[in-house]
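Below: one structure, written as C-alpha cells.
The values are calculated or read from the model by the stated rules, or taken from the named source; none is laboratory data. What you see is a predicted model, and the numbers here were worked out from it, not measured in a lab. Every residue, glycine as well, gets a Cβ built from its backbone with ideal geometry; the counts of neighbours run over all protein chains shown. What goes into the accessible areas is simple: the full protein's heavy atoms, side chains included, and nothing from ligands, DNA or RNA. Shrake-Rupley method; radii C 1.70, N 1.55, O 1.52, S 1.80 Å.
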2 protein chains.
Amino acid sequence: MKHKGIPDETIRRLPVYLRGLIFLQEGGQDRISSSKLGDFVGVQSWQIRKDFSYFGEFGVRGVGYEIKKLIDGIKEILKLNKVQNAALVGAGNLGSAILSYPGFELYGFNVTMAFDNNAKKIGKKIKSIEIMDVSKLDILKKKNVRLGIIAVPRSEAQEIANALVKAGVKGILNFSPCYIMVPKKVKVMTIDIAGYLARMPYYTLNG
Amino acid sequence: MKHKGIPDETIRRLPVYLRGLIFLQEGGQDRISSSKLGDFVGVQSWQIRKDFSYFGEFGVRGVGYEIKKLIDGIKEILKLNKVQNAALVGAGNLGSAILSYPGFELYGFNVTMAFDNNAKKIGKKIKSIEIMDVSKLDILKKKNVRLGIIAVPRSEAQEIANALVKAGVKGILNFSPCYIMVPKKVKVMTIDIAGYLARMPYYTLNG
DNA sequence: TTGTGCATGTGAACGCAATCACAAGTTCGG
DNA sequence: CCGAACTTGTGATTGCGTTCACATGCACAA
C-alpha cells in the first residue's frame, strides 16, 4: 500500500495519536471520540478526523472510533507491525541514555547494537548490549539492521553517517547538531536538542 | 523590538544558521554567501535570504553576508545575548545526559540546577550540580530561573509541569512522551524522541 | 417509526510558508 | 568608465496544510 499525497505533518502526528491511544487502551477504554482524543493528545478534533480521513474511514458516525482498530490502522500505515532493530553509534552520555531509553519499545523498536571509537568503552556492556568498535559497522549489513542512531560529536557525524550508509542503513536518527549529507534514498532526521532550547527566549522573553 | 508576522518556520531555522555561522567563524571565515551557507547547513539559498529579509537587510548585494554581523543579528532576534539558566527535573539516564550535554553552551544556556524525587539521588552531584528534592522546586523563583527541562516518566510529567509553572518558569522543554497542559503564557516544546524513530519505517520501507 | 442528540467525514475556503524570477547593487579587470 | 560575474532582497506565484461548515450516518428513547 502506497500512501501518496499524505501531508508530512499528518505522518508526524500519527505517532502522537498512537501513543495516546495505546495509553487509553491500557486504561481499559475501547472507544473514543475525536474531540476526547484531541483533548488528550493536544490536537484539535477536526485535525484528527482530517488526518484519519486520508487513509479511509476509521470511525463510525455518531459513535466514535474503536481504539483497537485505530491502533492497528496507524501501525499499519507507519509500518510498525514488525519489530525493527536499530544500531547506536556513540556511547557517550547521550548515547548511553538512548540505549537505555524505554520509549522505543512502544513502537516496536529494539536498539540491539552499539558502537564507539573509544577503546576504553569497547567490550563493555550497557543494558546487556556490548559496545563494539566503530570500524566493525559493516556487520549491520549481515545483521539486517536498517536504522542507525548517531550520537557522536559533530566533528565525526558525517563520517559515521557515511559508514552507516555503506553498511546498508536506510534511516538515520541524528542527534549531532549538524547537517548530514546522504544519498537521496536514505532518510535522515536530525534532532537538535539545543536548537529547541535556543528558540525559547524568543517566545518567552517579551520585549 | 517586536517581531510580528515572522513565520515560525523561520524562527526554527535561525538556530541552525547560528550554529553553522559560529562554526564557520571559528574556522577563520568572516564572510559568506547565502548559497555557500545553504550548502553547509542544508537549506536552500533563497530560503536563507528570505528568512533574513524578514528582519531587514543583513547582507550586501554582490558581496554576501558578514558572518559576525549575522551572528549578532540572530542572537538579538532570538534574545540569546544574555546567559540564561535552566533547571532540569528528572535525573535518570536521559536527564543525566542532558545535564552533561555540551551543546547548550553555544547558545548561551546553563543548566544550573537539577531535581529528582528519588531519595537515593538527592544530594549527589552530576557535573558539579547537586541534585535537589523535587519538592524544593519553588526555589527557582528565588534563583530567577525561567526555563525548565522535564525528563521524568510520562506519569509524572504533568505534575512536574504544574510545579514548574508555579515556580515561575516561562518555558518548558519536555522530553516526556506526552501532551502537557499549561497556561497560555507558558511555552512548551515537546521532544518525543521515540516519535521521530516511529516515522522512519514509513519513509524507508517502501511497499 | 420518528425525532433528537451526537460524532464522523469531507469539499471548500483560507492562510502561511516555500519557491521562483528578476531587479538592484557590488566588485573587479582592463 | 564599461562590461561581466556575482549576490542580495523581494514581489509574485504556487503549493500545502489548517480550519471551517455541514451533510451524512448511527443510537436510542418514546
Exercise. Take the residues in region A:181-198 that are out of contact with any Gly (no Cβ under 9 Å at 6 or more places or on another chain) and within 8 Å of chain B (Cβ to nearest Cβ), then tell me which one is least open to solvent (accessible area, probe 1.4 Å).
Key: A:ILE191
Quiz prompt | Among the candidates B:ILE98, B:ILE22, residue that is modelled with pLDDT of 95 or more, surrounded by 16 or more Cβ atoms within 10 Å (Cβ to Cβ) and over 30 Å from B:ASN118 (Cβ atoms) | solution = B:ILE22
Exercise. Considering every residue within region A:103-123, establish whether at least one is in contact (Cβ under 8 Å) with a residue 60 or more places away in the chain and either in a helix (DSSP H, G or I) or in the same structural domain as A:ILE48 (by TED's automatic domain parsing) (or both).
Key: yes
Quiz item: So which residues in region B:1-32 are part of a loop (DSSP other than H, G, I, E, B) and either of a type in the set (Ser, Thr, Tyr) or within 16 Å of DNA strand D (Cβ to nearest atom) (or both), if there are any at all?
Solution: B:HIS3, B:LYS4, B:GLY5, B:ILE6, B:PRO7, B:GLN29, B:ASP30
Quiz item: When only residues in region A:64-73 that are in a helix (DSSP H, G or I) and more than 14 Å from every other protein chain (Cβ to nearest Cβ) count, which is farthest from DNA strand D (Cβ to nearest atom)?
Solution: A:ASP72
Practice problem: Kindly indicate the residue of region A:74-92 that is open to solvent by less than 10 Å² (accessible area, probe 1.4 Å) and among the small types (Gly, Ala, Ser) and also farthest from A:GLU159 (Cα to Cα) among those meeting that condition. | Solution: A:ALA86
Quiz item: Residues of region A:115-139 being within 14 Å of chain B (Cβ to nearest Cβ) and either open to solvent by less than 60 Å² (accessible area, probe 1.4 Å) or modelled with pLDDT of 95 or more (or both), which ones?
Solution: A:ILE126, A:ILE129
Practice problem: Go through the residues of region B:50-63 one by one and say whether even a single one is open to solvent by less than 90 Å² (accessible area, probe 1.4 Å), touching a residue at least 12 places away in the same chain (Cβ under 8 Å), closer than 25 Å to A:VAL182 by Cβ and more than 7 Å from DNA strand D (Cβ to nearest atom). | Solution: yes
Quiz item: List the pairs whose first member sits in region B:23-38 and is within 11 Å of DNA strand C (Cβ to nearest atom), whose second member is part of a helix (DSSP H, G or I) and not polar (S, T, N, Q), and whose Cβ atoms are under 7 Å apart, counting only residues at least 6 apart or on separate chains?
Solution: B:ARG31/B:ILE67; B:SER34/B:ILE48; B:SER34/B:ARG49; B:GLY38/B:ILE48
